[in-house]
Amino acid sequence: MKSETLPPHNKETERAFLGSLLMCESPEGIDDLIVKCEAEFFYSSGHQRIFNAIQTLRSEGKTPNLMIVTDCLREKGLLEEAGGGAYISSLPNLAALPSLVPQYLDILIRDYQKRILYNLGLELIDKAQNGSNPIELANMAKKLWKKSSGEPQDCLRDGLLKSTRLVISY
């Protein structure tokens, strides 16, 4: 099933996070962030490529600044797929205060988790519309429920829980 809306993401936060990594004067200062971050946390495939280049450079002991990351992407033939040199050069303009960068990572993680749930939801809808077995749908709904965090706070979660119980008791 195709949806008209984009999955949850925050392009500005992705750009600010990457810009902050590119502006960091002490590469050791970003190591904690790089370890906690995965390329999949970025919605944009270009941002994923930029982050992978930063990660690779750090693993090689290099400082991932603007010029070195751009060169790394160029050498791998990925510069245009990452948005091009001009785009990458614009990222440091959005760099956050160092104290805010961990909060930006939290936003990336939150939106990534929402995308997982979003995609599971689309899969559940698709299977429901295409005649899947109710037990299979209930198991998928349980999987979706387990991936969500916290107590049921909205009708979507309540509805999923009730429908799962009804189908299982059926």
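A compact table of results
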item	result
Pairwise centroid distance, computed over Cα atoms, of the stretch 82-145 with the stretch 1-75, Å	16 Å
Pairwise FRET efficiency - VAL35 versus ASN139, Cβ, R0 = 41 Å, nearest 0.05	0.75
Table column - 3J(HN,Hα) (Hz), the stretch 18-32, Karplus curve with 6.51, -1.76, 1.60, x for Gly and Pro	5, x, 5, 5, 5, 9, 5, 7, 10, x, 5, x, 9, 4, 4
For HIS47, net neighbour charge (Lys/Arg +1, Asp/Glu -1) across residues whose Cβ lies under 9 Å away	+2
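Each value in this text was obtained by applying a stated rule to the coordinates, not by laboratory testing. If you're wondering where the values come from, they're calculated on a predicted model, not measured in any experiment. With ideal geometry, Cβ positions are generated from the backbone for all residues, glycine too; neighbour counts draw on all protein chains shown.
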